Structure formats: structure tokens, C-alpha cells
Amino acid sequence: MRILVQKFGGTSVANLECMLKVREKVSAALDKGYKLVVVLSAMSGETNRLIDMAQKWSPRPDPAEMDVLLATGEQTSVALFSMLLKDKGIKARSLLGYQIPIQTDKSFGKARILDIDTDRLEQMLSRFDVLVAAGFQGCDCEQRITTLGRGGSDTSAVALAAALKAEMCEIYTDVDGVYTTDPNICSRARKIPKIAYDEMLEMASMGAKVLQIRSVEFAKKYNVPIHVRSTFSDEPGTLVIQEDETMESAMVSGIAYDKDQARITLVDVYDEPGIAARVFEPIAAANIVVDMIVQNPSREGRTDMTFTVPKSSLEDTLAIIEKIKTDIGARDILADPNVAKVSVIGVGMRNHSGVAAIAFSALKNENINIMIISTSEIKISCLIEEKYTELAVRTLHEAFGLDK
Ligand code: ASP
Ligand code: MG
């Protein structure tokens, strides 16, 4: 049995006209001999509408009931689409999360998938040609409905593809793939034919608009090939797959940026064991996500410590630091919310030398100062003044020949 999973996002099921396009995609796959699991999102705008409604009804909506409410968005989509398939004589049925079942933990609003009953699904696939599954939802061990977090239908689709060992998980959306950088700020951005899971995870700042990050982690773990493509064209999109040799031949695959960064520098703190722990333990306890961290000795027995947090966490972080300021010996605390991170990403970096030098000289040519540099095996990130973000992205994009 050849199994294909196709997922369609909110804009692909927004109305009857769109759903008829979706039906064409499904019919075409059936003609190729596949059995299909079609995962649908709520019609575009619906999840937001339901959230607004709950917030008007209740000052703090009960999380469990919130998930019951939100799950109706996907329920509507799968019911309507199954009708369309049956009208065309296709053997299909709808499936809600609890009917599959997609077993999750109890974290309402951001549940994690624990288990999918593969035997039952396979049994159903022998009776039906298309199973129309509601994305975004599952149920906990007490049969309460859960949802997987915004954009969670992608993760539903990848999880179902993993459970069924499907040939491919096609994610249909309103863009035609993943780009070398954000086309909104760089008109010369190009579609990437294939990208490694790890690169996609690093591209989060742009990729997240296309795929829920958790779905990529899931796909990587279970080696599910993903094809991100457009519902409104037949062009191939971007394959998100395991790294291969051809990917390494390119030096760099994409340029990402993140404007949601604020910088904090602790000046002249004691250079002794335990100081970093003193700083970052209370920040972690407050659930603040620290991104870049650098420390370098300033003068005898003292060191400067610089790190970044999301802009919205700046005030809270400063309040925490203020409490330990004397303990750690900080002479001064500097804060700057007007910073951004630009990143050069590519698995090819492992085999090419000089990537960092190219990036730095490109920024130098535009007179852009680098405040912090951090690197991983497949990424070089530079913290710069926020107002230069677009210029930096375009410059780096060109420096690595990504526009060609
Ligand atoms: N409908 C949900 C959302 O808007 C899940 C999804 O579309 O993937 O976040
Ligand atoms: Mg989405």
C-alpha cells in the first residue's frame, strides 16, 4: 500500500472554491495509486475568531474547554471536505483527533503527541481511499480534547506520516516553498529546491511562517520527508529532508534574521566560578529564553557578560539582574532593545573554510558594526543594530551568491 499524507493549511481550505482545488490535488494523488491521509487546518481566520470569542466570554478561559472550542475549527473543515470527496464518489471519511486516536499529554493548548494507533489507521485505510483527518488536535489519556499549539496541523501531518511510514508528507500552503531569505525584504530571494532538517530548524525566523518548528523536529526524528508546496500551482516546492552530499557542495543555503532581540551587558562582574549560574538560573526560572551569550575578561579578576533575550522579556530580565547586581559585582548594566540577529546558514559550512570571513567583510563593506558573533557547526550569527537588518540580509544574500 503506497501511502501519502497531504496537509492543507487554512488559506487552502478557506472556502468552497479553495476546497475544490484541494479536491483536485487529492484526486491526482489517487490516480497515481496512493491511499491518502488528508490533514486539514481550520478555515483561515477561524482559529483567531474562536480565540477572540472565548476571550470575550471569559476573563481567563479554561484551557481544557478552550481546546474543545478550538478543535471545532478543524472539525468543520474535515466534515465539509469529506462531503466534497463523497460527492465525487471517492471512498472517504472524516476523522477527529480522538477517533484516530492521536494520544497526547495533558498540556492543553500546547500538547505533545505521545502515540498514534497505527493498526487502526491501516485498517481504516484498507476500507477507505482517503481519510480526512482533523489537524491540530488529539486527546489525552482521559479522552479530553487537546490541541498542539498554533500551526499544529503541520505536526499532526508529520506525525501521521511517521506512524504510517508514508512515502512523503506534502504540506500544501499559500507560498510555493522555502526561500533563501525573506522575499519581502530581498526581492532576489530564490526558492530552495531541498533543504536539510537542521537548516530548516535554523531558518526558524522565516521558516516558522511556513512550517511549525515542532513538525520539523518530529520529521527529523522519524526521518519523514516533507514537501512544502503551493495548493495553487503544480510547481514542485521545497523538500525538507535528511542532509545529503549535494547540499554540502553549496557553501550557504540561506540568510535568516530575527528582530526580536534585546541585548544586555553586565559590566565588570567577578571572574570566578558560579557567576554565570547566578545570572542565568533566575532568568531560566522566570521562563525567559536566552539566545546569544558571550563573556570575555575585561580586567584582572573581572569579566563582561553580554547576552540577548526577546524584546518583550527585556524589562523582566533587567528586574532580575537588578536584584543580583551587587552579588555578582556588576559595575554597570547596559541594555539595548534596538538590536537584531542576522544568520548565515548552511550544512556546507562544515566543509568550506572562510565562510565567516566572507560574511564579516560583506558587513564591513556596508559599514555595519557587529556587536556579538556566535557560531554553530552550520550557522554564523551576528548581532547588529536593528535599523541595518534589511541591508545586512541583502548584502549577505548577495555575498554568498544566493541570488544566482
Ligand atoms: N488552526 C490552527 C491554527 O490556526 C492550527 C493550524 O492551522 O495548523 O493555529
Ligand atoms: Mg501553518
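Read-outs: derived from the displayed coordinates by stated rules, not from any lab. Here the structure is a predicted model, which is why all the values come from computation and not from measurement. Reconstructed Cβ throughout: ideal geometry from the backbone, glycine too, with neighbour counts over all protein chains shown.
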Give, rounded to the nearest 20 debye, the magnitude of the charge dipole that the chain has about its Cα centre when Lys and Arg contribute +1 at Cβ and Asp and Glu contribute -1 at Cβ. 1000
For a footprinting-style exposure proxy, rank 120, 214 by other Cβ within 10 Å, fewest first. 120, 214
Output the relative contact order of segment 167-257, whole-number percent, from Cα pairs under 8 angstrom with separation of 6+ residues. 42
The chain: antiparallel bridges as % of DSSP beta bridges, rounded to 5, reads 60
Reduced to Cα centres, the span from segment 44-118 to segment 312-358 in Å works out to 39
For segment 72-227, what is the percent of antiparallel DSSP beta bridges, rounded to the nearest 5? 50
Candidates 272, 167, 122, ranked by Gaussian network fluctuation over the chain, Cα under 10 Å, top entry: 272
The pairs in 194/387; 7/191; 191/259 lying past 25 Å Cα-Cα in this model are 194/387
Report, please, the projected area of segment 286-393 averaged over directions, based on the convex hull of its C-alpha atoms, in nm². 8.6
Put in order of increasing Cβ neighbours within 10 Å, starting from the fewest, 46, 281 give 281, 46
Semi-axes (Å, rounded, descending) of the ellipsoid equivalent to the chain per its C-alpha gyration tensor are 42, 27, 18
Cβ crowding within 10 Å averaged over residues, with 7-17, 30-40 ranked highest first: 30-40, 7-17
What's the exposure ranking of 400, 136, 128, 232, going from fewest to most Cβ atoms within 10 Å? 232, 128, 400, 136
Hey, got the dipole for segment 1-121? About the Cα centre, +1 on K and R Cβ, -1 on D and E Cβ, debye to the nearest 20? 420
Positive end of the dipole of the chain, charges at C-beta (+1 Lys, Arg; -1 Asp, Glu), about the Cα centre: which of 116, 4, 175 has its Cα farthest in that direction? 4
222 nm [θ] for the chain, helices only, -39500 (n - 2.57) per DSSP H run of 4+, per residue, to 500? -11000 deg cm²/dmol
Set 106/341; 21/404; 110/209, cut-off 25 Å on Cα-Cα distance; pairs above it are 106/341; 21/404
In a shell of Cβ-Cβ distance under 13 Å around residue 399, excluding residue 399 itself, what net charge do Lys and Arg (+1) and Asp and Glu (-1) give? +1
Using only the Cα atoms of segment 325-386, what semi-axes does the equivalent ellipsoid have when each is the square root of 5 times a gyration tensor eigenvalue? Give whole Å, largest first. 28, 16, 10
